[in-house]
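*Asks:* I have a structure here, written as structure tokens, and I will follow up with some questions on it.
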């Protein structure tokens, strides 16, 4: 197994660690800044999420730079991304930090695009992520990170950054999903 795939697998193994830190009721106290509080477990969870998200860029960089792009990597990398983002979003709903309807839109898009990729793969087509898909992923990561941090430091200034970031993520999720389906609508045309 090559280095990029090991990094991707490390990202997958960070997901249960992230979940335990976020969901098990550890009493590690809170950070208090002015009147704003952030549970230490949420801070640590945010750091784990950010670290895991960063490995997505790192494994891709090494795979391209060292010529180590493999079919296993093409399978594991998007799977790891979807598992990490889905776990984080579901946790945010559980903690009442994100509205469920927005999370449903994001996760539904991921399932739909994964299904379309499977259909295309069955026909021998592999569709790489385009720029809209990459923007979608990074807007989701930024929004999730801000929500995990309870909008700190922005809440100190009364700026709802995490809410705005989540709206932007949902918008790019919808746009990139529509773009993906429109560019690959031939997968639904019966050729017989």
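Read-outs throughout are calculated quantities, based only on the coordinates presented, and are distinct from any laboratory measurement. Nothing here was measured: the structure is a model prediction, and the numbers come from that model. Reconstructed Cβ throughout: ideal geometry from the backbone, glycine too, with neighbour counts over all protein chains shown.
*Asks:* For helix 3-23, report the angle its Cα long axis makes with the longest principal axis of the Cα atoms of the chain; keep it between 0 and 90° and round to the nearest 10°.
*Replies:* It is inclined by approximately 40 degrees.
*Asks:* Right, next: What is the distance, in nm, between label points placed 7 Å from the Cα along the Cα-to-Cβ direction at residue 101 and at residue 61?
*Replies:* It works out to 4.0 nm between the two label points.
*Asks:* Using only helices, what value at 222 nm comes out for the chain when you add -39,500 (n - 2.57) per DSSP H run of length 4 or more and divide by the total residues, to the nearest 500 deg cm²/dmol?
*Replies:* The helix-only estimate for the chain comes to -24500 deg cm²/dmol at 222 nm.
*Asks:* Further question: Work out Dmax and Rg for segment 3-187 from the C-alpha atoms and quote the Rg first, both in angstrom.
*Replies:* When restricted to Cα atoms, segment 3-187 yields Rg and Dmax of 17.3, 58 Å.
*Asks:* Another question, then. Between residue 179 and residue 40, what is the FRET efficiency for a Förster distance of 35 Å, r being their Cβ-Cβ separation, to the nearest 0.05?
*Replies:* 0.30
*Asks:* Which whole-angstrom value gives the distance between the alpha carbon centres of segment 105-158 and segment 1-37?
*Replies:* Centre-to-centre distance over Cα atoms comes out at 19 Å.
*Asks:* In addition: Would you mind getting me the FRET efficiency between residue 27 and residue 51? Use the beta-carbon distance for r and R0 = 25 Å, nearest 0.05.
*Replies:* 0.60
*Asks:* Considering all alpha-carbon pairs of segment 27-103, what whole percent are spaced by more than 19 angstrom?
*Replies:* I get 53 percent for the Cα pairs in segment 27-103 exceeding 19 Å.
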